[in-house]
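Each remark here refers to the structure printed beneath this line.
The values are calculated or read from the model by the stated rules, or taken from the named source; none is laboratory data. Note that the structure is predicted; figures quoted are calculated from it, not measured. FYI the Cβ positions are ideal-geometry reconstructions off the backbone, even for glycines, and counts take in every protein chain you see.
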Amino acid sequence: MNNGTQRILLGIEDLPKSYYNILPDLPKPLPPPLNPGTKEPIGPEALAPIFPKEIIRQEVSQNRYEPIPEELREAYIRLGRPTPLCRATRLEKFLGTPARIYYKREDLSPVGSHKTNTAIAQAYYAMKEGVERLSTETGAGQWGSALAYATNYFVLKCTVFMVRVSYDQKPYRKHLMELYGARVFPSPSDQTSYGRKLLENNGHSPGSLGIAISEALESAVTGTNSKYSLGSVLNHVLMHQTVIGQETLKQLALADETPDVFVGSVGGGSNFAGFTYPAIGERLKGRSEARFVAVEPTSVPSMTKGRYEYDFGDTAETTPLLKMYTLGHAFVPPRIHAGGLRYHGAAPSLSLLVDEGIVEPRAFDQVSTFEAGQLFARTEGLVPAPETCHAIQGAIELAKEAKRRNEAKVIVFNFSGHGLLDLEGYHQFMAGTLREN
């Protein structure tokens, strides 16, 4: 065991050559998506108007590994992969815990979050099939920024529907997307028939990811040579993110560490799944006893207070029905700063793992997560995104539990994004004006 290791680096040759697909290793088959009208399972052909063919193939793939093309691996290297795994020694000292805390730095991408891992892949496959434009939704703007970067990289057009409350809270995210050439609209917007309908009923709607998804889908299917791109929830998205977890397992082995618990924040599930699924695969095969803790906001408690049932992925009821933990597709969340965690449901594969007891959900309120973010900034020097603050709070609570029990646990969490464009939230927190709603 190497207790002195503070940063574990991999070489370019260690960049994963394949994505890991957890579907073949799940403890039971994933419930299929259903046709909303007939309630019968739908086939891949139903997704053809929405996604590129290769994305659809990956979505339903039962291959344990999907190769990453060399051109795409080159793009990952330009994104800064592999990323470092660091030890939070100053945070450990502040907490007085015997636990060793590690964090995977996904904030080092050009747009500051893990979202580029799937954005660059989806843009690549769309480009290969001759698609000219991708449309999408975004909450806090991390996903929209990532897709704007990726479409610019592969010379595609990009349309982003940004949840209105985040559009107003985070103007610099909008500017970043536009810098990469994307068109950005507040959702609900006047660009789609569904958006116009909502504006007629409530011109001051804060919006939601479910609404923005509906607008992005409408924009894709009514546009010319356009497809839709999703930042979370579906299996192909989570699979692309597993470059994170595969690298992390290599780095822990280099540090001679056996992880006891993995922690990640959850909105739809992409950052948590990408970080944990390779390790969960090891546990499902009987090669690990690690725990997996998924952290969400108390104001959007899909896993801790939602129901495991079939629901729409969007508010306008245009998607197939997916079995997932959900608060209901009509749920409009409070105006919390962690815009990426304001989705009404959780990814179907993650929901199954929660239902099976393999993933343990926890929820924290907004103020406590900003407290955790401030502590991390003052000990480790990095400013975390509000979404990432939830994972940090989860790791801190686990470290305190280890202290009470005097157990030298190894805790690993995903530092999924920086908060340098989220400073208004920190300003409100430090001024004492930050509220849960």
List the strands (runs of 3 or more DSSP E) inside region 73-168, counting only whole elements, that have at least 3 residues being hydroxyl-bearing (Ser, Thr, Tyr) and buried (at least 24 other Cβ atoms within 10 Å of the Cβ). 133-138
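Condition check ((1) more than 20 Å from the chain's Cα centre (by Cα); (2) without any contact (Cβ under 8 Å) to a residue 40 or more places away in the chain; (3) surrounded by 18 or more Cβ atoms within 10 Å (Cβ to Cβ)) across all residues:
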{"position": "Gly181", "(1), (2), (3)": "yes, yes, no"}
{"position": "Pro186", "(1), (2), (3)": "yes, yes, yes"}
{"position": "Lys197", "(1), (2), (3)": "yes, yes, no"}
{"position": "Ala216", "(1), (2), (3)": "no, no, yes"}
{"position": "Ser226", "(1), (2), (3)": "yes, no, yes"}
So, in region 284-302, how many residues would count as being in contact with a strand residue (DSSP E or B) (Cβ under 8 Å, 6 or more places away or on another chain) and more than 30 Å from Arg435 (Cα to Cα)? 2
Which residue, of Ala431, Ala347, is surrounded by 20 or more Cβ atoms within 10 Å (Cβ to Cβ) and either not aromatic (Phe, Trp, Tyr) or not assigned by TED's automatic domain parsing to the domain that holds Thr89 (or both)? Ala347
Some residue of region 87-110 being over 30 Å from Met127 (Cβ atoms) and under 20 Å from the mean Cα position of the chain (by Cα): yes
Would you mention how many residues in region 323-344 are touching a Leu at 6+ places or on another chain (Cβ under 9 Å), under 24 Å from Gly274 (Cα atoms) and buried (at least 23 other Cβ atoms within 10 Å of the Cβ)? 8
Scan region 275-293 and report the pairs whose first residue is closer than 15 Å to Gln246 by Cβ and whose second residue is assigned to a helix (DSSP H, G or I) and of a type in the set (Val, Ile, Thr), with Cβ atoms within less than 8 Å and a gap of 6+ or a chain change. Phe275/Ile244; Phe275/Thr248; Tyr277/Thr242; Pro278/Thr242; Pro278/Thr248; Ala279/Thr248
Taking interchain pairs and intrachain pairs at least six residues apart, which have beta carbon atoms under 9 angstrom, with the first residue in region 366-392 and at positive phi and the second at pLDDT 95 or above? Gly381/Arg90
May I ask you to list the residues in region 292-326 that are within 28 Å of Ala395 (Cβ to Cβ), in contact with a Pro (Cβ under 9 Å, 6 or more places away or on another chain), not in a helix (DSSP H, G or I) and not hydroxyl-bearing (Ser, Thr, Tyr)? Val293, Ala294, Val295, Glu296, Pro297, Val300, Pro301, Met324
Would you confirm, using the coordinates I've provided, whether Gln142 is under 27 Å from Ser302 (Cα atoms), touching a His at 6+ places or on another chain (Cβ under 7 Å) and not charged (D, E, K, R)? no
Which is touching a Ser or Thr at 6+ places or on another chain (Cβ under 8 Å), of a type outside the set (Gly, Ala, Ser) and touching a residue at least 60 places away in the same chain (Cβ under 8 Å), of Leu30, Leu10, Leu15? Leu30
Which of the residues spanning region 34-72 are among the acidic types (Asp, Glu) and either under 21 Å from the mean Cα position of the chain (by Cα) or part of a helix (DSSP H, G or I) (or both)? Glu45, Glu54, Glu59, Glu66, Glu70, Glu71
For region 364-372, indicate whether the set of residues that are part of a loop (DSSP other than H, G, I, E, B) and not assigned by TED's automatic domain parsing to the domain that holds Gly139 is non-empty. yes
Name the one entry in Pro44, Pro36, Pro69 that is exposed (fewer than 15 other Cβ atoms within 10 Å of the Cβ), at pLDDT 95 or above, more than 23 Å from Gln251 (Cβ to Cβ) and out of contact with any Phe, Trp or Tyr (no Cβ under 6 Å at 6 or more places or on another chain). Pro69
Might you check whether a residue that is surrounded by fewer than 24 Cβ atoms within 10 Å (Cβ to Cβ) and in a loop (DSSP other than H, G, I, E, B) occurs anywhere in region 205-214? yes
Single residue of Val243, Val266 found to be in contact with an Asp or Glu (Cβ under 7 Å, 6 or more places away or on another chain), surrounded by 24 or more Cβ atoms within 10 Å (Cβ to Cβ) and at negative phi: Val266
Which count do you get for residues in region 337-363 that are assigned to a helix (DSSP H, G or I), modelled with pLDDT of 95 or more and not aliphatic (A, V, I, L, M)? 4
